[in-house]
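Here is the structure we will look at, set down as structure tokens.
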Amino acid sequence: MALANSTLARWTRFTLAPALAAGLLAGGTGCVSQSALDEARQANKALEEKNLELQDRIDRLQGQLDVLNNAGQMTAEAEAEYRRRIAELQDQVSQLNTALAQAREEIRRLASGGLLDIDPTLADQLEALARANPDLMVWDADRGMIRLRSDLTFGSGSTEVRPAAQTALGSLARVLDIPEAEPYEVQIVGHTDNEKVTIRPNRRFQNNWELSAFRAIAVKDVLEKRGISQSRMSIAGYGEHQPIVPNGANGAEANRRVEIFLRPRSKPVAAPPVEADAPAGGGEVRAAPAAPAAPDDPAAFK
């Protein structure tokens with residue numbers, strides 16, 4: 001009834017392979033093919049459909065098991081077989097969730113323009129920092145991104161950074177302060193799973209979106225206290241709306257995260273020159289205000 005694990009793994013690998021290969025080739029030239037992005041999205045859709053199919057089969061088997069148990073018509077041998085088949089399907093769902101996370105990461109990478117060229121010295125130090133804090137953070141060199149696990153960075157439903165995470169963020173600030181890091185902006189993005197927050201009086205946040213934003217602000221505050229200039233940092237919160245794995249009945253730990261992206265710093269927009277001639281009728285000559293900088297492209301956070 002269920003696909004064998006080896007068959008599922010082989011199917012997943014061949015489904016993703018065309019998009020992954022095309023994405024890597026495009027990334028090497030600094031240009032991402034639209035066809036590679038389309039193939040990655042098609043692979044992601046196929047994985048989502050397979051996931052829904054497996055979940056439906058699990059629900060039907062569990063329903064049959066419950067009906068037979070309630071009717072007193074289930075033998076011990078039959079119940080053991082039902083549970084074995086359900087466990088097998090659940091294992092396949094777990095594998096699919098991992099493949100889905102990889103597919104969604106690939107889509108984000110392709111949509112953001114491919115591989116990001118991070119200074120090698122900076123990349124080496126960020127990789128070493130992540131290796132020294134494996135439970136707390138992951139360094140993704142392709143995306144120029146450090147991912148913090150919210151469950152270790154914050155207490156449940158809290159926006160206060162835990163002491164151990166503050167120490168690690170202090171080390172991160174020292175890396176971000178080296179000369180090789182100066183050309184990069186630091187974009188801090190908060191995410192939650194789909195579990196609803198408990199609304200309490202006088203609490204700073206009242207929903208997941210606000211919680212994700214305040215957690216990003218809390219990380220920004222720690223980095224700022226450790227010497228990173230406000231002018232280099234920006235914050236955003238996506239709440240539950242950018243999951244990297246499907247949420248279960250109790251959400252998903254992987255979706256509760258803060259991501260820190262390094263992006264080339266934009267140049268400030270210069271003010272227009274002051275007109276040399278005085279206006280008719282006299283009066284003070286004033287410079288025209290500088291045009292506001294264009295907002296960050298939301299795709300940069302994906």
Aspartates and glutamates with Cα under 16 Å of LYS225, excluding same-chain neighbours fewer than 8 positions away:
GLU160, ASP177
Mind checking which aspartates and glutamates have their C-alpha under 16 Å from LYS196, skipping anything on the same chain fewer than 8 residues away?
ASP151, GLU210, GLU240, GLU253
Give the Rg (one decimal place) followed by the Dmax (whole number) of region 112-167, computed from C-alpha coordinates and expressed in Å.
13.1, 37
In region 102-198, taking the dipole from +1 charges on Lys and Arg beta carbons and -1 charges on Asp and Glu beta carbons about the Cα centre, the listed residue (PRO183, PRO120, GLY170) farthest towards the positive end is GLY170
What order do SER229, SER150 take when sorted by accessible area (1.4 Å probe), most exposed first?
SER229, SER150
Given the convex hull over the Cα atoms of region 54-199, what projected area results after averaging over all orientations, in nm²?
13.3
Let me understand region 173-238 better: what is its radius of gyration from the alpha carbons, and its Dmax, in angstrom?
14.2, 45
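The values are calculated or read from the model by the stated rules, or taken from the named source; none is laboratory data. Model, not experiment: these values are computed from the prediction. No Cβ is skipped: glycine too gets one built from the backbone with ideal geometry, and neighbour counts run over all protein chains shown. Accessible surface areas use protein heavy atoms only, side chains included; no ligands, DNA or RNA. Shrake-Rupley method; radii C 1.70, N 1.55, O 1.52, S 1.80 Å.
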